[in-house]
1. Between E4 and S320, what is the label-to-label distance in nm when each label sits 7 Å out along the Cα-to-Cβ direction?
2. Just tell me, in residue order, which DSSP H segments of the chain are both 20 angstrom or longer along the helix axis (alpha-carbon based) and at least -1.0 in mean Kyte-Doolittle hydropathy.
3. What does the extension gain come out to for E25 and L209, with contour length at 0.36 nm per residue minus their alpha carbon separation?
4. Simple spin-label model, 7 Å along Cα-to-Cβ: R310 to Q153 in nm?
5. Segment 296-343 to segment 3-27: how many Å between their Cα centroids?
6. Mind checking which lysines have their Cα closer than 24 Å to the Cα of K319? Skip sequence neighbours fewer than 8 apart in that chain.
7. Once a ≥ b ≥ c are taken as the square roots of the eigenvalues of the Cα gyration tensor of segment 39-184, is the result rounded (a/c under 1.5), prolate (a/b larger than b/c) or oblate (a/b not larger than b/c)?
8. Extending each Cα 7 Å along its Cβ direction at D175 and V341, get the distance between those two points in nm, one decimal.
Amino acid sequence: MPAEVLAQAAAEMLDWHGSGMGVMEMSHRGREFVSIYEQAEADLRELLAVPAHFKILFMQGGGLAENAIVPLNLAGRRAGAMDFVVTGSWSQKSFKEAARYGPVALAASNEADGHTSLPPPASWRLSPKPAYVHLCSNETIHGVECHELPDLQALGCDAPLVIDFSSHAASRPVDWARVGLAFGGAQKNLGPAGLTLVVVREDLLGHALPVCPSAFDYKNVADAGSMFNTPPTYAIYMAGLVFQWLKRQGGITAIEARNRAKAALLYETIDNSSLYLNRVAPDCRSRMNIPFFLRDEQLNAGFLAGAQARSLLQLKGHKSVGGMRASLYNAMPMAGVQALVDYMREFEKNPR
Ligand code: PMP
């Protein structure tokens with residue numbers, strides 16, 4: 001979370017704009033909260049240039065619930081399988097979960113190289129008429145990012161592309177002409193945990209399987225303006241403050257340029273070192289999540305302790321991968337990355 005946003009939320013916590021109540025105390029249908037909601041939605045639509053024929057839904061359940069909610073809504077659209085491109089742990093989970101709701105097919109996988117590459121779209125083995133094609137556009141754990149979304153039409157496939165953009169939403173523009181549905185938990189770039197963003201093309205609404213819970217039927221949620229049931233009001237308010245902060249930074253193009261510069265500095269430091277190593281193919285290295293290893297694993301504990309002493313926190317890699325991982329979400333300033341690379345260079349000269 002940007003520090004500015006946290007300070008603003010703290011200042012407004014007990015009394016929002018002279019209303020005599022805090023946001024958590026408001027009715028979700030009251031004038032005050034509705035104005036917060038409408039502003040947040042309008043700001044997000046503007047920031048991400050979401051076209052008018054897409055609905056923005058503010059839901060709950062996180063990325064993992066969407067692994068079920070997407071098939072519950074889209075598997076029944078037509079008879080074909082749901083196709084999956086597996087590029088790391090998160091798309092693997094999506095693939096497994098979807099199989100509970102209908103036929104699935106594996107279109108491509110990078111498992112053989114330990115999730116360090118992105119299979120080129122031309123090599124994907126798509127089903128004849130898939131219900132949809134799922135891609136995790138940024139694999140948070142393995143640090144693999146799809147920098148240019150595939151053009152399914154050009155591959156002769158008329159199915160909608162579904163992207164899990166949980167861990168890089170709002171870090172760069174989205175090419176909506178190539179996307180049918182995008183979903184993501186808010187807790188990386190958008191706001192606090194508890195809010196899930198779904199952006200869905202209108203023609204994909206209204207096809208939910210009969211067993212789909214009513215509160216997770218995208219059509220119900222869209223028709224009710226995300227108020228089919230009580231939405232996560234405080235998380236929506238916080239996300240709205242983040243969207244305004246993003247606009248003050250110059251919008252998505254400006255934040256993307258900053259993200260590129262931050263990631264380039266860290267990758268350069270890793271690649272120019274004889275101690276640190278990143279195994280991801282250069283054309284699909286994530287700008288958000290950068291896993292790296294110390295060639296001498298015995299130095300891991302010392303590296304982390306030294307980092308902690310400098311307030312460089314949460315650098316321990318995911319347990320399934322090991323090593324280190326730096327997450328450079330939107331709110332991480334360049335100064336934070338500079339402090340990390342300064343420490344990495346110092347540690348390399350004098351490891352202990
Ligand atoms: N997809 C991706 C790409 C993620 O990074 C995560 C969480 N780290 C998830 C899904 C799961 O999200 P949640 O914890 O919100 O269910």
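1. 3.6
2. Details: long enough: 31-47 (24 Å, -0.55); 233-248 (23 Å, 0.51); 251-271 (30 Å, 0.00); 334-349 (23 Å, -0.11).
The answer, listed by residue number, is 31-47, 233-248, 251-271, 334-349.
3. Computed gain between E25 and L209 is 62.7 nm.
4. The answer from the label model is 4.9 nm.
5. What the calculation gives is 33 Å, centre to centre.
6. Cross-link targets: K93, K96, K188.
7. Working: a/c = 1.41, a/b = 1.26, b/c = 1.12.
Here segment 39-184 falls in the rounded category.
8. Label-label distance for D175 and V341, simple model: 2.8 nm.
Just so you know, all these numbers are worked out from the coordinates, no wet-lab data involved. Keep in mind the model is a prediction, meaning the values are calculated, not measured. So basically every Cβ, Gly included, is an ideal-geometry build from the backbone, and we count neighbours across all protein chains shown.
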